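Have a look at the structure below before the remarks.
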Amino acid sequence: MHKQSSFRLFTLLLVTILCVNSVTFAQQRWSAGPRLGVNFSKFTGTGNDTRYIPGAVIGGFLMYSDIRHFGASMDVLFSQKGAKQPGTNTFTQRINYLDIPLAFRYFLTTSGNFRPNIFVGPSFGFKLNAQAKNPNMAVSDNSQVFANSDIGLLAGFQLNWRAGNRQRFLIDTRYTYGMTDIYIGPNSANIDTHNSVFTVTVGYGFGIGRNY
């Protein structure tokens, strides 16, 4: 009798542990969805004294997270960057990119409704076009004086909430520094030009595949 009671108690305890673990660790590993927001960008480097200007960011993302702390994501974004010259003769430069940032993420929680994370990684930018606006508001295409690509390094922080069944709402803030000297026009030997970009986006993720 004592052995039967002990066996039943052990069985009940085992089932309880398995149920708790299944609730604790079950999560959606893959998710994808839209992302949109704003860039605040300027140029840095020798010979550059510019101010930040806003620009649009819109695209989508694919994200993976394991059942513990680690994950990764890839975005495909239309991203407006550029800068504004200070002074009375304001000159504004706009460069539009197709950006593909890759982020390696560390989630501060292993599961639950709130999963904030920090991330770092490379960003690959491909120039679409460039336009300059002079003080008289005349716009001219000057794509030829900027490099076709830009490789950057990014770091940031994301707030990540459960928003529904296999859905999550994201707020992402990041800083990206362009490692490429992007200006290749006249007098480029004396000018060192790099993108410096703060980005804030919101996103909405939908689960892909099965839960784990």
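Structural remarks
- Principal semi-axes of the equivalent ellipsoid, √(5λ) from the alpha carbon gyration tensor of region 36-146, are 35, 14, 12 Å from largest down.
- Under the Karplus curve 6.51 cos²θ - 1.76 cosθ + 1.60, θ = phi - 60°, whole-Hz ³J(HN,Hα) for region 166-174, x wherever Gly or Pro sits: 6, 9, 9, 9, 10, 10, 10, 10, 8
- Distance between the C-alpha centres of region 116-176 and region 49-64: 3 Å, rounded to the whole angstrom.
- Cβ-derived FRET efficiency at R0 35 Å, Lys133 paired with Phe104, nearest 0.05: 0.40
None of the figures in this text is laboratory data; all of them are computed from the coordinates on show. Just so we're clear, the structure is a prediction, and the values are computed from it rather than from any experiment. For neighbour counting, all protein chains shown are included, and Cβ atoms are generated from backbone atoms with ideal geometry for every residue, glycine included.
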